[in-house]
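Trainee: For reference, the structure I am asking about is given below.
The values are calculated or read from the model by the stated rules, or taken from the named source; none is laboratory data. Keep in mind that this is a model prediction, so the values were computed, not measured. We place every Cβ from the backbone using ideal geometry, glycine too, and count neighbours over all the protein chains shown.
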């Protein structure tokens, strides 16, 4: 790491590895902020200022809602938006990315926090480990690899998360409670505590549906309608149109609940203050105690957080690129995401990543440099320090309405429906990932989804490779090296044409073809490999076995038209030691001449 130097009031973050590190020789990454500061003027700053303030206001209710839904306190959601949002904008590889907590993490965070074996301490460690993984992915330039995760998996687990988020909010929307015994021995009603699994939650809701609170439900529906329709009603009013629907829902919902409680005496509508005590300050930095045992237990979860964060942030960056006609640095973006997830847990924060909705809000309101993201973090900090005590009056039903909208937007049901028209293998992966996310958890869903997708992909590739038998003549238009007249295949010789990659599962097709054409084995087999683009180690092993079996049966094998790339792979594997040098021919007419020579057929 080079020594930082001052550049327009900001520190330069430069990663330059030594030249003797061959894999990354001369590899340098720079945050996009440094590029944007060149020629930065007052006009650009005013646009970033306006966008940053608006995005900060938009992020407030989401940060609170994501914090509570994740099983932690509301201020932890805001702390995450402040610290992670600042670091992602400061160090990131995009101009307009806004970072912070997102709905995608709710399910996995809640699962860790409510697990007595891990708890909040386990969440902090898992987040730090995920940050280290993200930094490593960026440092080793693996940003592009994330893009190769099959689309049905992304759609499947995203829709599964959406369904799970919706399910977790049903208790607050319906105002369900359960009976408990107080310290004085009295029976009291407390907020419903549900199991962690999907099925268990709905069973719990059904068992306690008799506690349904119509006032609570009315607040939730009212907030939901405000979130949906206020942007439409204020579209023509420029100032009001800048305010997000979620803020209308929360503010007006809070006012309504305050009136219902204090003037009409309505009870049973829980607010944030009824469940949490909000601390309006940044907490001290605390480094959690990390042990080898905890690392081993939490590594699968950390890997899931890292992959999820990488996917969402790079998808958000790609969407932003299309809108502002830019190109992000995926590796620098992963490093920034990693640093944010390492630092934020030290202050009690939760996992963070790039947020598509907030990024688009930033773009739509004029933000064009990372300065807007820095301002968004500063706005949230001021809100935390000055206005957070008033957040205790926000009704839980209004926050649940915000999360219902978030889950609907996440579901991508139109995309899900569209994928059902795709090949069956994609549909299988889609449903498998979706149901595993809903019924079990995201870690299992991603692991099983990737394994299934890889297996189906390999099956599909195997199906694209064809092996055909040419019995009598080879048409002149099938090979550039053949003469104008067709080539006649001599009796006792069989020509096999391989069209496609040669890897495991292919070699046994020779035996299947032989069984179909008769029991009489040829004395010479010519294997045409002109259309084999590559061969893997398993394919080399299978081809070696095939050669050895033919030699044991007294059958000569001649290779024809081996490409340069495949030839080098065979040479490095010392495959040619099995064969006579003159049994490796550049094209088919020479191979047929060699076959006639082996068969002792005189040349006409």
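Trainee: Among the residues of the range 137-155, what is the count of those that are under 16 Å from the mean Cα position of the chain (by Cα) and farther than 19 Å from residue 108 by Cα?
Mentor: 13
Trainee: Please tell me if residue 96 is assigned to a loop (DSSP other than H, G, I, E, B), at pLDDT 90 or above and surrounded by fewer than 24 Cβ atoms within 10 Å (Cβ to Cβ).
Mentor: no
Trainee: Can you say whether residue 59 is closer than 25 Å to residue 326 by Cβ and either touching a strand residue (DSSP E or B) at 6+ places or on another chain (Cβ under 7 Å) or at pLDDT 95 or above (or both), as far as the supplied structure shows?
Mentor: yes
Trainee: Right, something else. Checking the condition more than 17 Å from residue 58 (Cα to Cα), assigned to a helix (DSSP H, G or I), at pLDDT 90 or above and under 17 Å from the mean Cα position of the chain (by Cα), which residue from 318, 310, 340 passes?
Mentor: Just a single option satisfies the conditions, and that option is 310.
Trainee: Considering each residue of the range 285-325, count those that are crowded, with 17+ Cβ neighbours inside 10 Å and over 21 Å from residue 112 (Cα atoms), and give that number.
Mentor: Of the residues in that region, 6 qualify.
Trainee: Taking the condition of being surrounded by 16 or more Cβ atoms within 10 Å (Cβ to Cβ) and part of a helix (DSSP H, G or I), how many residues in the range 139-163 meet it?
Mentor: Counting residues in the range 139-163 that are surrounded by 16 or more Cβ atoms within 10 Å (Cβ to Cβ) and part of a helix (DSSP H, G or I) gives 15.
Trainee: Here is a follow-up. If only one of 72, 132 is farther than 25 Å from residue 197 by Cβ and surrounded by fewer than 24 Cβ atoms within 10 Å (Cβ to Cβ), which one is it?
Mentor: After ruling out the rest, the residue left standing is 132.
Trainee: Same structure again: If I go through the range 290-303 residue by residue, how many of them are in a loop (DSSP other than H, G, I, E, B) and free of Cβ contacts under 8 Å to residues at least 12 places away in the same chain?
Mentor: 1
Trainee: Does residue 126 satisfy the criteria of being within 15 Å of the chain's Cα centre (by Cα) and within 25 Å of residue 335 (Cα to Cα)?
Mentor: no
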